[in-house]
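Structure first, then comments.
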Amino acid sequence: MKYPLAGLESNDKRTKIKLGNATIGGGNFSLIAGPCSVESWQQISTIAKAVSQNSAVVLRGGAFKPRTSPYSFQGLGVEGLRLLKESAKMYKLACVSEVMSEEDVAMVAEQVDILQIGARNMQNFSLLKRVGQIKKPVLLKRGFCATYDELLSAAEYILGEGNSQVILCERGIRTFETTTRNTLDLAAVPILKKLTHLPVIVDPSHGTGVRELIAPMSKAALVAGADGVMIEVHPDPDSAQSDREQTISIEQFIDIVADLKKIAEAIEVPL
Ligand code: PEP
Ligand code: MN
């Protein structure tokens, strides 16, 4: 068997990730939202309040940022995690943030409900093994040059260490197209859901890099059968310290959620 741990044997064995009152992967559609990077208490608490009032169950926010250039904003680090955790707690959300190195795993795991492994680290096998040893859900992003097989094999590394709580995330792959930042591969959703019992979510923000594409791609992710979406939101997207071109405003988020609810009702998916 190729994926002895991640492989789907039967539909009723699908993994459900419980986070307080919320569940990711229970046949419902989960909304994860928040800024690319935590920037300040004012910023993250404003976003937490808005998204919690609009059906989000998890607050995202980068504190340790994997930036392509060393001269770009690198995140607030430990202080960013503290602000994320506090604002999530205040508005009864779970929170997710990326861990970039093995030595930070224990520290990040203390602050967040879900540990994110970024696209650039999808095949950092020692990091995968380390997050496999903790008892917290892991959001594993697809590498931008990774096949489905490589993504599922990466998940096996985490599962193999005893951590069964893995969520897969399609976040776009690199192609010859340059209009979009990445090519969002939505076929990944039904294909992965056929191969694995793990929840599969979609990140249309990094997947396209284009603000206007977040609404249509979020709707498409829902219809394709994803277990949720992760969206970058900011009170003033144009002033965001990272990824402003793909970041939507709170007003845009509210509109998207309204549309998603109509579709979810029509296709009988709880949201
Ligand atoms: C992120 O979600 O913050 C991020 C950096 O995404 P990716 O690893 O997919 O580029
Ligand atoms: Mn980002």
Can you tell me which condition residue 44 does not meet? The list is (1) open to solvent by 40 Å² or more (accessible area, probe 1.4 Å); (2) out of contact with any strand residue (DSSP E or B) (no Cβ under 6 Å at 6 or more places or on another chain); (3) among the hydrophobic types (A, V, I, L, M, F, W, C), and all the others hold. (1)
Among what's in the stretch 235-271 and is open to solvent by 10 Å² or more (accessible area, probe 1.4 Å), part of a loop (DSSP other than H, G, I, E, B) and not acidic (Asp, Glu), pick the residue that is farthest from residue 44 (Cα to Cα). 267
Take residue 10 and tell me if it is open to solvent by 10 Å² or more (accessible area, probe 1.4 Å) and either under 18 Å from the mean Cα position of the chain (by Cα) or without any contact (Cβ under 8 Å) to a residue 40 or more places away in the chain (or both). yes
Quick one: would you say residue 186 is open to solvent by 30 Å² or more (accessible area, probe 1.4 Å), in contact with a Gly (Cβ under 9 Å, 6 or more places away or on another chain) and part of a loop (DSSP other than H, G, I, E, B)? yes
Quick check, is residue 215 part of a helix (DSSP H, G or I), open to solvent by 10 Å² or more (accessible area, probe 1.4 Å), touching an Asp or Glu at 6+ places or on another chain (Cβ under 8 Å) and aliphatic (A, V, I, L, M)? yes
Residues of the stretch 65-83 that turn out to be open to solvent by 40 Å² or more (accessible area, probe 1.4 Å) and closer than 20 Å to residue 139 by Cα, as a count: 3
Exactly one of (1) closer than 19 Å to residue 127 by Cβ; (2) surrounded by fewer than 23 Cβ atoms within 10 Å (Cβ to Cβ); (3) not hydrophobic (A, V, I, L, M, F, W, C) is unmet by residue 171. Its number? (2)
Residue among 128, 139, 151 that alone is in a helix (DSSP H, G or I), in contact (Cβ under 8 Å) with a residue 40 or more places away in the chain and surrounded by 22 or more Cβ atoms within 10 Å (Cβ to Cβ): 151
Residues of the stretch 6-45 being within 16 Å of ligand 2 (Cβ to nearest atom), among the hydrophobic types (A, V, I, L, M, F, W, C) and outside any helix (DSSP H, G or I), which ones? 32, 33, 36, 38
The residue that is least open to solvent (accessible area, probe 1.4 Å), considering only those in the stretch 48-64 that are over 14 Å from the mean Cα position of the chain (by Cα) and not small (Gly, Ala, Ser), is 51
From the list 221, 226, which residue is under 25 Å from residue 140 (Cβ atoms) and assigned to a loop (DSSP other than H, G, I, E, B)? 226
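The values are calculated or read from the model by the stated rules, or taken from the named source; none is laboratory data. Since we're looking at a predicted model, the values are computed, not measured. Positions of Cβ are generated from backbone atoms using ideal geometry, with glycine treated the same way; all protein chains shown enter the neighbour counts. The protein model used for the area step is the full one, side chains on, heavy atoms only, and it has no ligands, DNA or RNA in it. Shrake-Rupley method; radii C 1.70, N 1.55, O 1.52, S 1.80 Å.
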